[in-house]
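Novice: Got a structure here, written out as structure tokens. Questions coming.
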Amino acid sequence: MKQIDEHKQEIAAAEAGTPDAVEAFRIKYLGTKGLVKAIMGEMKNVPNEQKKEFGQVLNEFKQFTEAKYELLKESVAASGGSSAIDIDWSLPGDPVPVGSRHPLSIVRNQVLSIFKRLGFAVAEGPEIEDDWHNFGAMNLPEDHPARDMQDTFYINQNPAWLLRTHTSSVQARVMETQKPPIRVICPGRVYRNETISARAHCFFHQVEGLYIDENVSFADLKQTLYFFVQEMFGKDTRVRFRPSYFPFTEPSAEMDISCLICGGSGCNVCKHTGWVEILGSGMVHPKVLENFGIDSNKYTGFAFGMGLERICQLKYRVNDLRLYSQNDIRFLQQFTGAV
Ligand SMILES: [Zn+2]
């Protein structure tokens, strides 16, 4: 009887944190060679007059042990079958799948960070624009032939609204609300009514820049863009400017860089010229400044614009514009390591 009391204390204090520990408890106390069976075997040694009393004590001890076993089983099941003690903290963690940045986002971030270092602030504007901000203010009146190059999509409910053809509309909105000095960089999606092919798409991405202050000259434009090219493509990259025409700048120039693929000796990408065109630029047309009440005798400025798909094509050799928007994981996964 004294032994049974001791065992009861031991059982009451027993703990089991795992299914294995619960099973060990069962084998030790309730198994065929367990303690309960062993004590019951003692029954034959008990004097007849005490058998009834001892039988009751034994039965109560058996029920007590079974109840404890059920309790341990339930608590392990409730904790999900394991306890903190059994976790091996030295095992490697479960891998968390990480996506990759879109190549256009990678290139946009690179471009923005370079211009931010030169003191340019990022400006953004709406993709649905009115005719004035997209064309009129940019010195492209309604009958201007340059509009033919920028056919776009018009909104049915109001034909005066359109999808912007360039981020110059953001420049317009900045000049409308800010006084010089102005130094902004404008990234964004733009639209053109083009047949979709490897070389043309109905939407693409631009980054434009605008700098207006006193005494801003073409030399500032050249030096700014030269710095950008060296940071973006490497110190060995050379640039050249070719005279061009845009309604909103005068004079205007296209900028080429030495071909990154062949280093200037000639290849398919540069059409064997050694040069590739990357952006358009020029001094802001006085008429554009006057459109926003900026005194063109006091202030001058330069502007430039580039297509991010073009930069991306040169940096990552993407040879088909459609790849950027097809969401093909085989294409997108290739940029996992790029930042
Ligand atoms: Zn080349």
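Novice: Which condition number in (1) open to solvent by 50 Å² or more (accessible area, probe 1.4 Å); (2) within 21 Å of the chain's Cα centre (by Cα); (3) touching a residue at least 60 places away in the same chain (Cβ under 8 Å) is the one that residue 104 fails?
Specialist: Checking residue 104 against (1) open to solvent by 50 Å² or more (accessible area, probe 1.4 Å); (2) within 21 Å of the chain's Cα centre (by Cα); (3) touching a residue at least 60 places away in the same chain (Cβ under 8 Å), the one that fails is (1).
Novice: On to the next question. Which of the residues that make up region 11-61 are among the charged types (D, E, K, R) and under 19 Å from residue 79 (Cβ atoms)?
Specialist: 15, 20, 23, 26
Novice: While we're on this one: With respect to residue 114, determine if the residue is within 30 Å of residue 171 (Cβ to Cβ), in contact with a helix residue (DSSP H, G or I) (Cβ under 6 Å, 6 or more places away or on another chain) and assigned to a helix (DSSP H, G or I).
Specialist: yes
Novice: Just for region 151-176: of the residues that are of a type in the set (S, T, N, Q) and touching a Phe, Trp or Tyr at 6+ places or on another chain (Cβ under 8 Å), which one is nearest to residue 190 (Cα to Cα)?
Specialist: 165
Novice: Another question, then. Taking region 283-294 as the search range and keeping residues that are without any contact (Cβ under 8 Å) to a residue 40 or more places away in the chain and open to solvent by less than 70 Å² (accessible area, probe 1.4 Å), which one is nearest to the ligand (Cβ to nearest atom)?
Specialist: Step one: filter region 283-294 for residues without any contact (Cβ under 8 Å) to a residue 40 or more places away in the chain, giving 286, 290, 293.
Then keep just the ones that are open to solvent by less than 70 Å² (accessible area, probe 1.4 Å); that gives 286, 293.
On the way: 286: 38, 293: 46 Å.
It comes out as 286.
Novice: Kindly establish whether residue 176 is open to solvent by 50 Å² or more (accessible area, probe 1.4 Å) and touching a residue at least 60 places away in the same chain (Cβ under 8 Å).
Specialist: yes
Novice: Out of (1) open to solvent by 40 Å² or more (accessible area, probe 1.4 Å); (2) more than 21 Å from residue 165 (Cα to Cα); (3) in contact with a strand residue (DSSP E or B) (Cβ under 8 Å, 6 or more places away or on another chain), what's the single condition that is false for residue 301?
Specialist: Among (1) open to solvent by 40 Å² or more (accessible area, probe 1.4 Å); (2) more than 21 Å from residue 165 (Cα to Cα); (3) in contact with a strand residue (DSSP E or B) (Cβ under 8 Å, 6 or more places away or on another chain), the lone unmet condition for residue 301 is (1).
Novice: Oh, and also: Name the residues in region 264-282 that are of a type in the set (Gly, Ala, Ser) and free of Cβ contacts under 8 Å to residues at least 12 places away in the same chain, would you? Outline the logic, then answer.
Specialist: Step one: of region 264-282, the residues of a type in the set (Gly, Ala, Ser) are 264-266, 274, 280-282.
Those that are of a type in the set (Gly, Ala, Ser) and free of Cβ contacts under 8 Å to residues at least 12 places away in the same chain: 265, 266.
Novice: Here is a further query. Determine, yes or no, whether residue 315 is within 16 Å of the ligand (Cβ to nearest atom) and closer than 21 Å to residue 101 by Cβ.
Specialist: Against the criterion (within 16 Å of the ligand (Cβ to nearest atom) and closer than 21 Å to residue 101 by Cβ), residue 315 qualifies.
Novice: Give the residues of region 242-280 that are surrounded by fewer than 18 Cβ atoms within 10 Å (Cβ to Cβ) and away from the ligand (no atom under 16 Å from the Cβ), sorted by residue number.
Specialist: Passing the criteria: 242, 243, 244, 245, 250, 251, 254.
Novice: Looking at region 314-333, is at least one residue small (Gly, Ala, Ser) and part of a helix (DSSP H, G or I)?
Specialist: There is at least one residue in region 314-333 that is small (Gly, Ala, Ser) and part of a helix (DSSP H, G or I).
Novice: Of all residues in region 76-92 being modelled with pLDDT under 85 and in a loop (DSSP other than H, G, I, E, B), which is nearest to the chain's Cα centre (by Cα)?
Specialist: That would be 89.
Novice: Could you count how many residues in region 255-275 are within 23 Å of residue 305 (Cα to Cα) and more than 32 Å from the chain's Cα centre (by Cα)?
Specialist: 4
Novice: Moving to a separate point now. Can you say whether residue 224 is under 34 Å from the mean Cα position of the chain (by Cα), of a type in the set (Val, Ile, Thr) and modelled with pLDDT under 95, as far as the supplied structure shows?
Specialist: Against the criterion (under 34 Å from the mean Cα position of the chain (by Cα), of a type in the set (Val, Ile, Thr) and modelled with pLDDT under 95), residue 224 does not qualify.
Novice: Of all helices (runs of 4 or more DSSP H) completely enclosed by region 1-55, which ones contain at least 3 residues that are open to solvent by 80 Å² or more (accessible area, probe 1.4 Å)?
Specialist: Here the list reads 2-13, 19-30.
Novice: Let me ask something else about it. Looking at (1) within 22 Å of residue 133 (Cβ to Cβ); (2) in a loop (DSSP other than H, G, I, E, B), find the lone condition where residue 281 falls short.
Specialist: (2)
Novice: Using beta carbons and a limit of 8 Å, which pairs, at least six apart or on different chains, have the first residue in region 123-148 and outside any helix (DSSP H, G or I) and the second one open to solvent by 90 Å² or more (accessible area, probe 1.4 Å)?
Specialist: From residues that are outside any helix (DSSP H, G or I), the pairs are 127/189; 128/161; 129/161; 130/161; 135/142; 139/287.
The values are calculated or read from the model by the stated rules, or taken from the named source; none is laboratory data. Bear in mind that the values here come from a model prediction, so they are computed numbers and not experimental data. A quick note on method: Cβ atoms are made from the backbone with ideal geometry, for glycine too, and the neighbour counts reach across all protein chains shown. SASA here: full protein model, heavy atoms, side chains in, ligands and nucleic acids out. Shrake-Rupley method; radii C 1.70, N 1.55, O 1.52, S 1.80 Å.
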